[in-house]
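Below you'll find the structure, written out as structure tokens, and then a few comments.
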Amino acid sequence: MEVTDENLVTLANYLQQTLNPDPNIRRPAEKFLEGVEVNQNYAILLLHLIDKDGVDMTIRVAAAIAFKNYIKRNWAVDEDGADRIHISDRNTIKTLIVSLMLKSPEAIQRQFSDAVSIIGKCDFPEKWPSLIPEMVEKFATGDFHVINGILRTAHSLFKRYRYEFKSQKLWEEIKHVLDHFAKPLTDLFLATIDLTTKHADNPQALLIIYGSLVLICKVFYSLNYQDLPEFFEDNMPIWMPNLLNLLQVKVPCLESDGDEDKPGVLEQLRKEVCECASLYALKYEPEFVPYAPGFVTAVWTVLLSTNTQPRYDALVSNALTFLAKIAEKNSYKSLFEDPATLSSICEKVVIPNMEFRESDMELFEDNPEEYVRRDIEGSDVDTRRRAACDLVRTLSQQYEDKIMNIFGQYVQLMLQKYSEGGGGAWRGKDAAMYLVTSLASRGGTQAAGVTRASPLVDLGQFAANHAIPELQRADVNELPVLKADAIKYLMTFRSLLPKELLINAFPLLIKHISARGVVCTYAACAIDKLLVAGIVPCAALQPHAATLLASLLATLDANDPAKHNEYVMKAILRTLSSLQDSALPYLSEALPKLAHMLAVVSKNPCKPHFNHYLFETLSLAVSLVTKSNPNAISAFEDALFPIFQDILQNDVQEFMPYVFQMLSLLLELRGGGGVGSGAGEGGDGDAYGALLPCLVAPPLWERAANVRPLVRLLCAFVAARGPLVLQTGRLNAMLGVFQKLIASKTNDHEGFYLIQTMLYKFGESVMQQYAKQIMTLLFQRLSSSKTTKYVRGLIAFLGFYAAHFGPDNLIQLIDSVQANMFAMYVERVLVPELQKVGGALERKAAAVGCVKLLTDSAHFRQHLARYWPPLMQALISLFELPTDESTLPEDHFIEVDDTPGYQAQYAQLTCAKGAATDPLASIDDPKRYLAESLGNLSRTSPGFLPPLVAALDEPHRQALQTYLNAYSVQIC
């Protein structure tokens with residue numbers, strides 16, 4: 001593709017069409033652009049189009065988004081070395097992008113900033129050492145459009161330092177950045193603060209200048225996150241007083257910018273300063289101690305000067321978080337010990353920020369999903385309530401008696417007002433329940449809720465007096481916030497509350513499934529958690545099962561996506577799982593509804609968690625019903641196959657991995673027979689058989705999420721329909737799949753699983769002609785990329801092969817690939833790496849394979865005899881020592897987010913998992929097998945073993961003798 005005016009016009013036209021709401025126009029344009037993006041100069045054309053001032057801004061922004069997505073899909077090079085971007089394009093992009101970004105309007109600048117970050121993640125600093133110097137150079141322009149572009153890019157590039165694990169590579173990169181960026185950033189910080197004074201009378205200039213300070217604080221936070229850099233430690237006298245001043249500064253002309261909901265630039269700046277102060281208070285306590293009192297005072301002043309408007313939410317949350325971080329450190333104890341201070345914190349900061357506001361009520365009523373996400377799922381990390389709770393929890397742990405006394409008085413007062421004033425004073429009780437939860441909690445887990453609580457709070461009594469009564473009201477929609485609070489209290493303290501109280505409350509929770517919005521969701525969530533923890537056992541569930549399932553199903557309207565509640569679907573799954581066989585009477589009514597729901601959601605999958613639990617529920621139902629009535633499999637096939645067919649034909653990517661897993665389950669349950677009447681009978685009319693050619697087609701395997709479920713499905717075909725695979729000539733295609741899998745660092749373990757299943761099920765008579773080719777591929781991969789995972793898989797697989805087809809067959813086969821290769825394998829891989837094999841079945845296969853080599857192989861009694869002692873020692877170490885978790889030099893772990901064309905990853909359906917088949921089930925104890933096999937060898941070849949055993953190290957010889965004694969074996 002040449003960079004010509006004609007091509008630029010064509011590209012602009014197609015980009016215009018991608019914005020068309022008509023899918024008949026939009027999709028062909030998208031397909032065209034996907035098709036041409038592999039051409040050289042495609043990205044350069046996009047850059048030229050973005051840079052043309054005469055082009056409509058909508059097209060330029062669309063081009064910028066297309067460019068960013070192109071970089072996201074293609075910049076990282078595949079693990080097999082395939083590069084989808086020409087080297088000259090890569091160099092041109094890196095030459096142009098920074099300067100283009102800085103001269104572009106902000107909407108385009110933001111897209112370029114993200115693209116620079118993506119490129120930087122792969123290339124910076126080794127392949128792009130000029131990036132930071134080029135960025136720093138632009139600080140001298142004095143143009144804040146340019147400066148803010150640089151800062152935005154720096155933030156995008158460096159923010160990953162906040163969450164990446166420590167490593168030598170990361171340290172080296174951060175050092176490179178600090179060497180080139182720390183001083184210019186500090187100079188820019190001081191110069192920008194100086195400009196706030198010079199332009200004090202210019203609101204427009206101040207808006208931009210303070211916006212720059214926001215970005216500077218973000219970058220400062222990222223650069224300080226991993227460790228305290230020496231440069232910033234030395235310059236704390238510059239940074240800390242100025243940050244403190246930014247918390248306190250008054251800028252009247254900016255105080256009123258923004259609306260009630262959107263934070264203004266000063267709120268954003270103070271929020272960032274609080275975050276930086278929290279970081280230093282938590283991680284760099286000794287260095288921060290001199291500055292702590294000033295920041296505490298300033299933060300306190302900020303909290304007292306903000307009102308309840310949502311625009312202040314993030315600022316207040318960060319300010320409260322800062323106080324919590326300070327309060328948990330012994331160095332700062334003197335700042336909080338005074339009861340008057342604690343009382344003031346409670347009255348003026350905690351309670352006002354725990355109160356339920358109008359904005360909370362709007363969220364509760366109008367967007368219950370978001371409310372639940374914040375409250376139950378803990379995504380409320382930036383909310384006032386969560387931050388206030390965290391502060392209370394910290395204070396109550398540090399100053400338990402004082403806090404319980406002070407806050408307890410407020411709790412009693414709020415509960416008394418509610419008792420006297422009734423429903424009109426519900427906000428007070430809501431705050432009181434939040435306070436009690438915060439005060440009492442001392443630690444817990446996601447699975448069990450709070451598991452440690454303050455001994456000063458009687459949790460059971462509070463539940464009986466204040467939570468249960470809210471759920472006993474006749475109207476399930478009366479005072480819904482308090483009902484939600486009551487249910488959440490039972491959920492939170494479920495591990496510590498009396499079991500009888502929770503079992504008695506269970507019918508009340510079922511009653512609230514019919515409530516609206518948040519209360520229904522909380523009730524479903526509570527039911528799930530009580531069942532999964534076993535607090536409500538099956539015997540207590542059974543009397544309520546019919547009512548519970550009917551209530552849950554009634555809330556789900558298949559045709560209304562707004563009513564596809566993931567917590568309700570999860571509660572259905574959990575109920576059926578708890579009931580097991582007792583669920584069968586209810587499934588005849590539930591299954592048609594669930595199948596219809598799957599047909600509806602497959603047209604527009606928009607709620608991934610709901611969809612996952614729906615597939616889990618259907619998988620569980622299939623397993624439960626067919627266990628009781630194997631012939632029922634046909635009814636499931638008749639109901640589900642048409643839906644599965646639609647999903648596969650319409651390429652519904654989100655659902656295909658689920659469909660493959662359910663097909664595997666159905667095929668494994670059916671075994672070798674044909675499918676039901678609705679799907680065709682046996683032979684060529686078999687719907688499973690008709691599916692087989694599609695499963696080995698390469699396009700399906702290009703999606704990462706499909707790989708594992710497709711391997712599982714192919715293995716199900718091999719096990720259940722082996723003759724069909726052979727008759728239809730699909731064996732070669734399966735071997736092609738194996739070849740592709742084994743070459744991949746990511747999927748090589750799936751390749752071992754597939755080929756082992758084929759060898760195990762088809763046997764030597766079928767697979768013999770391919771054996772040499774298989775071994776050649778395995779050893780080619782070993783020589784090209786020897787990763788830990790691959791070595792583990794290879795050792796376990798060859799152990800399986802030796803166990804099933806004989807050790808000498810294995811040795812001769814490997815030596816037929818290359819002379820003396822087996823000896824090299826034993827010396828360089830098997831003996832030194834055997835300890836790395838993990839997983840019960842893999843370790844067993846490796847161990848049994850070694851036993852076969854040591855006791856059944858003629859080669860090990862002849863030219864390989866010198867390897868007998870070291871292999872025996874390695875085997876005994878495998879038995880006696882834990883798995884060696886060290887890694888090999890060639891290990892490279894690719895993060896999912898970094899893979900080109902990132903797609904949602906495969907999600908395992910727990911209820912559709914196949915039983916783990918052990919091809920060596922006849923051997924229950926490898927140690928016993930070793931001892932008995934040595935006894936047999938000793939009888940057939942007397943005198944062979946004693947000198948070999950004598951060559952073992954003393955500890956290994958003693959361990960071997962222990963095995964022999966344990967199973968009454970003597971060798972001679």
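Answer yes or no as to whether Gly534 is of a type in the set (Gly, Ala, Ser) and free of Cβ contacts under 8 Å to residues at least 24 places away in the same chain. Yes, satisfied.
This table checks each residue for (1) under 22 Å from Ser331 (Cβ atoms); (2) assigned to a helix (DSSP H, G or I); (3) of a type in the set (D, E, K, R).
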site: Leu215; (1), (2), (3): no, yes, no
site: Asn224; (1), (2), (3): yes, yes, no
site: Leu246; (1), (2), (3): no, yes, no
site: Lys250; (1), (2), (3): no, no, yes
site: Leu279; (1), (2), (3): yes, yes, no
site: Leu282; (1), (2), (3): yes, yes, no
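Asp638 meets the conditions (1) touching a residue at least 60 places away in the same chain (Cβ under 8 Å); (2) farther than 20 Å from Ile572 by Cα in every case but one. The failed one is (1). Put simply, of Lys772, Lys761, Lys789 the only residue that is part of a helix (DSSP H, G or I), closer than 21 Å to Lys836 by Cα and touching a residue at least 24 places away in the same chain (Cβ under 8 Å) is Lys789. Candidates are the residues of segment 440-466 that are part of a helix (DSSP H, G or I) and in contact with a Leu (Cβ under 8 Å, 6 or more places away or on another chain); the one that is farthest from Phe356 (Cα to Cα) is Gly460. Going by what's in this entry, would Ile742 be described as buried (at least 21 other Cβ atoms within 10 Å of the Cβ), β-branched (Val, Ile, Thr) and touching a Lys or Arg at 6+ places or on another chain (Cβ under 7 Å)? Yes: the conditions hold for Ile742.
Would you call Ala432 among the hydrophobic types (A, V, I, L, M, F, W, C), in a helix (DSSP H, G or I) and surrounded by 19 or more Cβ atoms within 10 Å (Cβ to Cβ)? The answer is yes for Ala432. Restricting segment 464-487 to residues that are under 35 Å from the mean Cα position of the chain (by Cα) and more than 15 Å from Ser419 (Cα to Cα), the residue that is surrounded by the fewest Cβ atoms within 10 Å (Cβ to Cβ) is Val481.
For Ala448, the requirement of being more than 19 Å from Ala523 (Cβ to Cβ), buried (at least 20 other Cβ atoms within 10 Å of the Cβ) and not basic (Lys, Arg) is not met. Taking the condition of a type in the set (Gly, Ala, Ser), more than 32 Å from the chain's Cα centre (by Cα) and at pLDDT 95 or above, does Ala545 pass? So Ala545 fits the description; yes. The set of residues in segment 487-541 that are polar (S, T, N, Q) and assigned to a loop (DSSP other than H, G, I, E, B) contains only Ser495.
If you go through segment 475-501 and keep only what is in contact with a helix residue (DSSP H, G or I) (Cβ under 6 Å, 6 or more places away or on another chain) and of a type in the set (Asp, Glu), you end up with just Asp485.
Quick grid of which residues meet (1) more than 21 Å from Ile147 (Cβ to Cβ); (2) in contact (Cβ under 8 Å) with a residue 40 or more places away in the chain; (3) in contact with a Gly (Cβ under 8 Å, 6 or more places away or on another chain):
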residue: Leu213; (1), (2), (3): no, yes, no
residue: Cys217; (1), (2), (3): no, yes, no
residue: Tyr221; (1), (2), (3): no, yes, no
residue: Asn224; (1), (2), (3): no, yes, no
residue: Trp239; (1), (2), (3): no, yes, no
residue: Leu247; (1), (2), (3): yes, yes, no
residue: Leu254; (1), (2), (3): no, yes, yes
residue: Gly264; (1), (2), (3): no, yes, yes
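Selection of segment 918-966 for residues being among the hydroxyl-bearing types (Ser, Thr, Tyr), assigned to a loop (DSSP other than H, G, I, E, B) and surrounded by 13 or more Cβ atoms within 10 Å (Cβ to Cβ) yields an empty set.
Segment 21-139 holds helices (runs of 4 or more DSSP H) entirely within its bounds, and those carrying 3 or more residues that are touching a residue at least 40 places away in the same chain (Cβ under 8 Å) and surrounded by 20 or more Cβ atoms within 10 Å (Cβ to Cβ) map to 42-51, 57-74, 87-103, 106-123.
Checked against (1) in a helix (DSSP H, G or I); (2) surrounded by 15 or more Cβ atoms within 10 Å (Cβ to Cβ), Gln412 passes all but condition (2). Charged (D, E, K, R), closer than 17 Å to Ala846 by Cβ, at pLDDT 90 or above and in a helix (DSSP H, G or I) - does that describe any residue in segment 876-884? Yes. Scanning segment 330-344 for residues that are more than 18 Å from Pro286 (Cα to Cα) and assigned to a helix (DSSP H, G or I) turns up Pro339, Ala340, Thr341, Leu342, Ser343, Ser344.
The values are calculated or read from the model by the stated rules, or taken from the named source; none is laboratory data. Just so it is clear, the structure is predicted and the values come from calculations on it, not from any experiment. Cβ atoms come from the backbone with ideal geometry, glycine included; neighbour counts cover every protein chain shown.
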